Amino acid sequence: MNLTLKDVGKKYTRNQTDFWALRHVNLSAKTGDFISIVGKSGSGKSTLLNLIAGMISPTEGEVLYDEISYIGAPDKIISKFRNQKIGYVAQGQSLLSNLTVWDNIRFPNQLYDSEKKVSAKELEELMDKLGIRDLKTSYPEQLSGGEMRRVAIARALVNSPDILLADEPTGDLDEENTRIILEIFKELAKKGTIIFMVTHDKETVAYSTSAYAILDGNMTKFVKNIDNME
Amino acid sequence: MRERKITIWNLAVMNLRKKTCQTIATLAVITIFAASVFGGGILFLSLENGLNSVKERLGADIILVPEDTEEEMKAILLQGNTSYFYMSKDMIDKVQKIEGIDEITYQYFFASAGSACCDMPVEIIGFEPDTDFVIQPWIQEKLKEKIADDSVVVGGDIQVSNGHSIRIYNQEYEVAAKMDKTGTGMDQTVFVNMNTLKHMRQAATKQGFRFLSGEEEDLDKQISAVMIRVSDKQNISRIAMEIKQKTKNVEVMISEKIVSSVSDSLSFIATVVKYVLFVLIAMVLAALSVIYILQMGQRKKEIALLRMMGMSKSKIGRMLVTEAMLQGILGAALGIMIASVFVFPFNVYIGDMIGQPYVQPGSLTTLLYILGTIVLVTGASLISVSFSVAQIYKKETYQTMREGE
Ligand SMILES: Nc1ncnc2c1ncn2[C@@H]1O[C@H](COP(=O)(O)OP(=O)(O)OP(=O)(O)O)[C@@H](O)[C@H]1O
Ligand SMILES: [Mg+2]
């Protein structure tokens, strides 16, 4: 899969005034890219991920997946595309509180009949890898922040997405779990998944193949030397 | 391990189960609504049935009773009160010759003593089989031949203890038939022919009971009411006038007026019920809509998450609709059950309390009414949730994934 953002901008309205949360974003990513996104709070990082996920449509410019734009496509088509091709680990607590861990993880895989169904065994292997196998029957409210995050990661991976969007995925994990997850991401990228990871942590950036910084001027900039990122 | 598929239905059920408090609060509103609609409806239908059965049962166009006993007569007809009053049998001769009278007969009222017979005193009505046109056509539904001497026909509310006989003034009488309930005074009445009535009187006198109508032999000279059917309904009031002129110390009652007093109060109740229902529906729609919208506010993040995982807006809409539908059906069922517990077992008591003829609808009508209530209540729930569903389509807030929401 190739992903291209062409001069993408997103305007929001707040207190009756419009403002650009993101503007003139140009980037392209291909199979195997592991991209870090850094930037201050409010600089538009989550907005960028939402645009890539097709959750919101750009005010200007276009997002192309293998040269195809979904802007203006029926919601059903975009939704199904997102379900099958995009895994999203959202910022903060992002589990469905009414479902058990087990149901949360398999939820994206149950949504469309045509999907290739993952077996219980495959699910357990995935949970094993993330060290959350014992939590199967727990509800999100019974988990720690780090456990919730790992469940959210398992859920994002359940449909073997082409693009993985991770918004501060290691924010509340300890060193060991951070390493485990970053290794998993690295391995996924090697197998062909495009990964976008929002992070504040320089060591985390080191795992990625390239990094972008979103600066105040609502621009994206390719950062070669991670150390100059600020 | 549960390998149940996660369908929209299952998802809705899981949501309702996990959000117990919200579900119970919403259910409570729906249940109260359903109980009021169902209970009120059954009450109203019962009153309407009661009116119809009074209309059917009255039989006579004009009823003559002794002066000042009009209200008592109404109470006997409508509520099953026991009372008796008498006038001279000559009354029949006085009015018989008036032009336009088609049929004329009389009835003799008598009451069982409280303790001697049944738990409660019952009204005993004696009629003359040869001239009667009021009681017999009705009894015919249950009893093909003429009622025999010393046997009785009982109204629908009278308990026949061993199934085939009844004790009145310490004597057994065979129960030839038990009538269906009518919701009128007829339900608490025992019908006998005049021969049987004489036997009852004799038995009572032997036991020391004394009666207003004087001595036993007077039975042939005393009656309680004269029932008249006119040949042309148009003439009812003219004939009534004529009777008034030709008689003294007598009350001339026109059946239509008895019925219309019932139907007047019924149409008043109907209007009240209609407005109450109208207001109730409006209030419930408003309350449920607000409840659902408030819940949507709390569920913004959940909905954004569902979208994030690739659930389409229409599927999320279906999930919300399914939740509302489940709550609607469950609330309707609960409400109907709760109302039933009050309305059905206590129907005799309710009828007495309202003081109007009261006949519970049949099982088919009840069933239809149950279905109607479920449809109405579930419909209200669905209409209310539609505003929330519309929000998913309108607002971008339900689509983004942001921290803090
Ligand atoms: N739906 C929205 N409506 C209005 N303003 C929004 C909306 N979503 C985001 N914004 C604004 O757009 C800007 C970018 O938000 P975004 O969430 O992308 O920032 P971020 O870089 O992810 O920040 P953080 O690091 O704190 O998560 C912020 O000023 C935010 O308040
Ligand atoms: Mg963010």
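The values are calculated or read from the model by the stated rules, or taken from the named source; none is laboratory data. What you see is a predicted model, and the numbers here were worked out from it, not measured in a lab. Counting neighbours? That spans all protein chains shown, and the Cβs are built from the backbone with ideal geometry, glycine included. Please note that ligands, DNA and RNA were not included when accessible areas were found on the heavy atoms of the full protein model with its side chains. Shrake-Rupley method; radii C 1.70, N 1.55, O 1.52, S 1.80 Å.
Out of all the residues in segment A:42-49, is one or more at the interface with chain B (Cβ under 7 Å from one of its Cβ atoms), within 16 Å of ligand 1 (Cβ to nearest atom), open to solvent by 10 Å² or more (accessible area, probe 1.4 Å) and touching a residue at least 60 places away in the same chain (Cβ under 8 Å)?
Step one: filter segment A:42-49 for residues at the interface with chain B (Cβ under 7 Å from one of its Cβ atoms), giving A:46.
From the residues that got through so far, the ones that are within 16 Å of ligand 1 (Cβ to nearest atom) too are A:46.
Narrowing further to those that are open to solvent by 10 Å² or more (accessible area, probe 1.4 Å): A:46.
Among the residues that remain, those that are also touching a residue at least 60 places away in the same chain (Cβ under 8 Å) are: A:46.
Yes: segment A:42-49 contains one or more residues that are at the interface with chain B (Cβ under 7 Å from one of its Cβ atoms), within 16 Å of ligand 1 (Cβ to nearest atom), open to solvent by 10 Å² or more (accessible area, probe 1.4 Å) and touching a residue at least 60 places away in the same chain (Cβ under 8 Å).
What single numbered condition from (1) assigned to a helix (DSSP H, G or I); (2) surrounded by fewer than 21 Cβ atoms within 10 Å (Cβ to Cβ) fails to hold for residue A:112?
(1)
Inspect all residues belonging to segment A:93-103 and state whether any of them is in contact (Cβ under 8 Å) with a residue 12 or more places away in the chain, surrounded by fewer than 21 Cβ atoms within 10 Å (Cβ to Cβ) and within 16 Å of ligand 1 (Cβ to nearest atom).
yes
If you scan segment A:55-84, which residues turn out to be in a loop (DSSP other than H, G, I, E, B), among the hydrophobic types (A, V, I, L, M, F, W, C) and away from every other protein chain (no Cβ under 13 Å)? First the steps, then the outcome.
Of all residues in segment A:55-84, those in a loop (DSSP other than H, G, I, E, B) come to A:55-59, A:66-67, A:70-74.
Within this subset, residues satisfying the condition of being among the hydrophobic types (A, V, I, L, M, F, W, C) are A:55-56, A:71, A:73.
Result: A:71, single match.
Any residue at all in segment A:178-185 that's of a type in the set (Lys, Arg) and in contact with a helix residue (DSSP H, G or I) (Cβ under 8 Å, 6 or more places away or on another chain)?
no
For segment A:6-18: of the residues being near ligand 1 (Cβ under 9 Å from one of its atoms) and under 15 Å from residue A:48 (Cα atoms), which is surrounded by the fewest Cβ atoms within 10 Å (Cβ to Cβ)?
We begin by selecting, within segment A:6-18, every residue near ligand 1 (Cβ under 9 Å from one of its atoms); these are A:10, A:12-14.
Next, from what is left, pick out any that are under 15 Å from residue A:48 (Cα atoms): A:10, A:12.
Numbers: A:10: 22, A:12: 16.
Across segment A:6-18, the extreme among qualifying residues is A:12.
Would you point out which residue out of B:289, B:340, B:314 is assigned to a helix (DSSP H, G or I) and either under 30 Å from residue A:80 (Cβ atoms) or free of Cβ contacts under 8 Å to residues at least 40 places away in the same chain (or both)?
Details: B:289 fails: either under 30 Å from residue A:80 (Cβ atoms) or free of Cβ contacts under 8 Å to residues at least 40 places away in the same chain (or both); B:340 fails: either under 30 Å from residue A:80 (Cβ atoms) or free of Cβ contacts under 8 Å to residues at least 40 places away in the same chain (or both).
Just a single option satisfies the conditions, and that option is B:314.
Does residue B:388 count as out of contact with any His (no Cβ under 6 Å at 6 or more places or on another chain), buried (at least 21 other Cβ atoms within 10 Å of the Cβ) and within 14 Å of another protein chain (Cβ to nearest Cβ)? Write out each step before concluding.
On the way: out of contact with any His (no Cβ under 6 Å at 6 or more places or on another chain): yes; buried (at least 21 other Cβ atoms within 10 Å of the Cβ): yes; within 14 Å of another protein chain (Cβ to nearest Cβ): no.
So residue B:388 fails the test.
Which condition number in (1) modelled with pLDDT under 95; (2) within 23 Å of residue A:116 (Cα to Cα); (3) facing chain B (nearest Cβ under 9 Å) is the one that residue A:100 fails?
(1)
So which residues in segment B:189-230 are in a loop (DSSP other than H, G, I, E, B) and at pLDDT 90 or above, if there are any at all? Don't jump to the end; show me each part of the working.
To start, the set of residues in segment B:189-230 that are in a loop (DSSP other than H, G, I, E, B) comprises B:207-215, B:221, B:224.
Within segment B:189-230, B:224 is the sole residue that qualifies.
Quick one: in segment B:271-321, which of the residues that are open to solvent by 50 Å² or more (accessible area, probe 1.4 Å) and hydroxyl-bearing (Ser, Thr, Tyr) is nearest to the other protein chains (Cβ to nearest Cβ)?
If we take residues in segment B:271-321 being open to solvent by 50 Å² or more (accessible area, probe 1.4 Å) and hydroxyl-bearing (Ser, Thr, Tyr), then B:275 is nearest to the other protein chains (Cβ to nearest Cβ).
For segment B:355-368, give me each residue that is in contact (Cβ under 8 Å) with a residue 40 or more places away in the chain and open to solvent by less than 60 Å² (accessible area, probe 1.4 Å).
The initial filter retains those residues of segment B:355-368 that are in contact (Cβ under 8 Å) with a residue 40 or more places away in the chain, namely B:355-361, B:365-366.
B:355, B:356, B:357, B:358, B:359, B:360, B:361, B:366 - these are the residues of segment B:355-368 that are in contact (Cβ under 8 Å) with a residue 40 or more places away in the chain and open to solvent by less than 60 Å² (accessible area, probe 1.4 Å).
Restricting attention to segment A:21-41, which residues are open to solvent by 20 Å² or more (accessible area, probe 1.4 Å) and either closer than 19 Å to residue A:84 by Cβ or away from ligand 2 (no atom under 16 Å from the Cβ) (or both)?
A:23, A:24, A:26, A:28, A:30, A:31, A:32, A:33
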